[in-house]
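Undergrad: Below: one structure in structure tokens.
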Amino acid sequence: VVDYRAEDFVEAVNEFTQGQGANVIFDMVGGEYIQKHIQCAAVEGRIANIAYQNGFEANIHFGLVLIKRLTLSASTLRPQSFDHKASMLKDIHKHFGQALAEGDLVPVIDSHFSLEEAAAAQDYMASGKHFGKILLRP
């Protein structure tokens, strides 16, 4: 785990991978982080953009994309059919179900808000100050 607010995650990824880079990157941030993820990617790596919390636009140096022979893709869950989402859930359970059940893989929870505080939770999420999931409770 890298706290991108406290350390340079490009440097951390390169150190962890001994300069090889990451084979697969799921980018939920977008914006200026797209170029950083390109820097973190391994040769023939894949970058999947699944959200754009930091914006839809970026200044990208495509030379590095070419040199590394990267595959860039994007997807979102919202327009997917119920059947497709159910199929993905089965695949996730197949690959990660045991780790989730045993507590080896846990979600990072940033904060809890009551349902009455939903507007405050939305404002907090929009501020970008959170690290992990923001939960609404009844």
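The values are calculated or read from the model by the stated rules, or taken from the named source; none is laboratory data. Model, not experiment: these values are computed from the prediction. A quick note on method: Cβ atoms are made from the backbone with ideal geometry, for glycine too, and the neighbour counts reach across all protein chains shown. Only protein heavy atoms, including side chains, enter the accessible area calculation; ligands, DNA and RNA are left aside. Shrake-Rupley method; radii C 1.70, N 1.55, O 1.52, S 1.80 Å.
Undergrad: Whole number in Å², please: accessible area per residue of the chain, 1.4 Å probe, ligands, DNA and RNA not counted.
TA: Heavy-atom accessible area per residue stands at 75 Å².
Undergrad: How big is the gap, in Å, between the Cα center of the stretch 39-66 and the Cα center of the stretch 88-138?
TA: 25
Undergrad: Shifting gears a bit: Of the accessible area of the chain, with the probe set at 1.4 angstrom, what percent is carbon plus sulfur?
TA: Its accessible area is 57 percent carbon and sulfur atoms.
Undergrad: What 222 nm value per residue comes from the helices of the chain, counting each DSSP H run with n ≥ 4 as -39,500 (n - 2.57) and dividing by all residues, nearest 500 deg cm²/dmol?
TA: Helices in the chain give a 222 nm mean residue ellipticity of -11500 deg cm²/dmol.
Undergrad: Run the quick spin-label model on Ile60 and Lys85: label points 7 Å from Cα toward the beta carbon, then report their separation in nm to one decimal.
TA: Each label point is offset 7 Å from its Cα along the Cβ direction, giving 2.7 nm.
Undergrad: If you take Cα extents along the principal axes in Å from the coordinates, which of (i) 50, 35, 31; (ii) 51, 47, 39; (iii) 49, 35, 28 do you get?
TA: Correct label, based on the coordinates given: (i).
Undergrad: If you don't mind, there's one more thing I want to ask. Under 17 Å from a point placed 7 Å out from the Cα of His95 along the Cα-to-Cβ direction: which residues of the stretch 59-76 have their backbone N that close?
TA: 71-76
Undergrad: Turning to a different aspect of this structure: May I ask you to order 77-87, 48-58 by the average number of other C-beta atoms within 10 Å around their residues, highest value first?
TA: Top of the packing list down: 48-58, 77-87.
Undergrad: Please compute the length gained on full extension between Gln20 and Met125, using 0.36 nm multiplied by the number of residues separating them and subtracting their Cα-Cα distance. Walk me through the numbers before you get to the answer.
TA: On the way: separation 105, 0.36 × 105 = 37.80 nm, distance 3.31 nm.
Between Gln20 and Met125, full extension yields 34.5 nm more.
Undergrad: If you stretched the chain out fully between Met28 and Arg69, how much longer would it get, using 0.36 nm times the residue separation minus the C-alpha to C-alpha distance?
TA: 12.6 nm
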